[in-house]
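The structure under discussion appears below in the form of structure tokens.
The values are calculated or read from the model by the stated rules, or taken from the named source; none is laboratory data. What you see is a predicted model, and the numbers here were worked out from it, not measured in a lab. Cβ: placed from backbone, ideal geometry, glycine included. Neighbour counts: every protein chain shown. These area figures cover heavy atoms from the full protein model, side chains too; ligands, DNA and RNA do not enter into them. Shrake-Rupley method; radii C 1.70, N 1.55, O 1.52, S 1.80 Å.
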Amino acid sequence: VQLQASGGGLVQPGGSMNLSCSSSRNMYTINEMGWYRQAPEKQRELVAGFNRYGTIDYSDSVKGRFTISRDYAKNTISLAMENLKPEDTGIYYCHAQVQVMRTWDYWGQGTLVTVSS
């Protein structure tokens, strides 16, 4: 599975930004798909994702500000980020998990989001 992320860049605090991730695999065959981020000197953490149960998980720190969506026709997920804060700064990675015989995890190349004035 290849994941191609787009979006990212520099935005001021309070601003908005959208990220997109396209999958080379049909999303109906992907168990979980979402966005993680890694801030400097911190571990990678889940930001928002569609889990295997068909529901959405959000990090507490982004609830009410970020919205994840998906387009099956385009095999794409998107992350709409609003009211961005400096602590949202980090490298955002698209992730997909596939269950075929065993669990396979795939990562996109990462896109840098910098929230700064």
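General remarks:
- Counting only strands (runs of 3 or more DSSP E) that fall entirely inside the stretch 1-105 and contain at least 1 residues that are open to solvent by 50 Å² or more (accessible area, probe 1.4 Å), the qualifying elements are 3-7, 9-11, 17-23, 32-38, 45-50, 56-58, 66-71, 90-100.
- Residue within the stretch 36-49 that is in contact with a strand residue (DSSP E or B) (Cβ under 8 Å, 6 or more places away or on another chain), of a type in the set (D, E) and farther than 17 Å from L112 by Cβ present: no
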